[in-house]
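What follows is a set of notes on a single structure, which appears directly below.
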Amino acid sequence: MAKNKLSSADGEGFLRAFTDAWRDLEIEEDCTLQVMLSPSGRKGVIEIKLTAYEVGKDTHTRVVARYSGEYPTAAVSSLEATLYQAVVRLERVVADARRYPEGKG
């Protein structure tokens, strides 16, 4: 089934796509995603950090992959679109980390 096309002005659609991609990542890759937003060193800029953790029984959960970015940028016009873009990029990093454990490629 084809996915709906999103325009840059569709904040609600990007937020929905972000949460759907988040849920899909956790289910498909058997991991837990942590999203952190914090002010960067530059005024008016938000730092976005996404970390995927391996789901485990012990208290020392292993990091599978990390992604970081900033908002605003010249490439993306809304925070919702930036969050969606970040989780899509993290999905690629997680897939590569699973495919090539310990950086072996």
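For the chain, what is the calculated [θ] at 222 nm in deg cm²/dmol (nearest 500), taking -39500 (n - 2.57) for each run of four or more DSSP H residues and dividing by its residue count? Show your work: numbers first, answer last.
Values: 2 runs with 39 residues, N = 105.
So the helix-based figure for the chain works out to -12500 deg cm²/dmol.
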*Mind putting together the pair-distance distribution for segment 12-100? All Cα pairs, 5 Å bins, whole percent per bin, short to long.*
3, 14, 24, 23, 17, 11, 6, 2, 0
*Mind checking which of Ser78, Ser38, Ser68 has the largest fluctuation in a GNM of the chain, springs on alpha carbons under 10 Å?*
Ser38
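For the chain, which span is the longest to avoid every loop-located (per DSSP) member of trypsin sites (Lys or Arg not before Pro) having at most 14 other Cβ atoms inside 10 Å? Please list the in-between numbers first.
Values: sites that count: Lys3, Lys5, Arg42, Lys43, Lys57, Arg62, Lys104.
The longest such stretch corresponds to 63-103.
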*How much length is gained on full extension from Glu47 to Ser78, taking 0.36 nm per residue of separation minus their Cα-Cα distance?*
9.8 nm
_Expected output is a single nm value to one decimal: the length gained when fully extending between Leu15 and Val93, i.e. 0.36 nm times separation in residues minus the C-alpha distance. What is it?_
26.0 nm
*Give the angle, between 0 and 90 degrees and rounded to the nearest 10, that separates the Cα long axis of helix 79-99 from the longest principal axis of the Cα atoms of the chain.*
20
_At a 10 Å Cβ-Cβ cut-off, how would you order Asp20, Asp10, fewest neighbours first?_
Asp20, Asp10
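Every number in this text was worked out from the coordinates using simple rules, so none of it is lab data. Values in this document were obtained by computation on a predicted structure and should not be read as measured data. Here the Cβ is made from the backbone with ideal geometry for all residues, glycine too, and neighbour counts use every protein chain on show.
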